Structures are given as C-alpha cells and as structure tokens.
Amino acid sequence: MDLQARIELWKSIDPDPEFCRKAEREMLLLSCQDEDWVYARMRDFEQALALETTN
C-alpha cells in the first residue's frame, strides 16, 4: 500500500491527524523494530500528511 493510500485509510477511520500519525507509527513498528527505519518512514508520512491537510 502506498503512502497516499495509507493516509486515506487512516483518515477514513478518524480524520484527526494525531490519530493518523499514531496508527501509522504502530503499523510501521509491527513491520520492523528498527527505530531509524521507522523514523525515516514517519518523516515521509508527516510530509505527505502535511500536504494532505493543506489541500
């Protein structure tokens, strides 16, 4: 699932950006325990979410 699809999924459950961040982080941690990898993916997610909320 690409980044945009995950944002849409989380927003369909709860549009609150904080919920989306928490859900994405938990999903990533289930995929990989490497904190650096999770941090990098969350940085990408945060940027995409910011663009989504400004549009």
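Its Cα centre serving as origin, the chain has a Cβ charge dipole (Lys and Arg +1, Asp and Glu -1) of approximately 60 debye. With contacts taken as Cα pairs under 8 Å and at least 6 residues apart, the chain reaches a relative contact order of 35 percent. Helical content alone sets the calculated 222 nm signal of the chain at -27500 deg cm²/dmol, taking -39,500 (n - 2.57) per DSSP H segment of four or more residues and averaging over every residue. Taking Cβ atoms as reference points and 13 Å as the exclusive limit, the residues near E18 contribute a net charge of -1, counting Lys and Arg as +1 and Asp and Glu as -1. For the chain, count all C-alpha to C-alpha pairs, find those more than 17 Å apart, and express that count as a whole percent of the total. Counting every Cα pair in the chain, those more than 17 Å apart make up 28 percent.
Every number here is computed from the coordinates shown, using simple stated rules; none is lab data. Quick caveat, the model's predicted, so the values are computed rather than measured. Because the Cβ atoms are built from the backbone with ideal geometry, glycine has one as well, and the counts that use them run over all protein chains shown.
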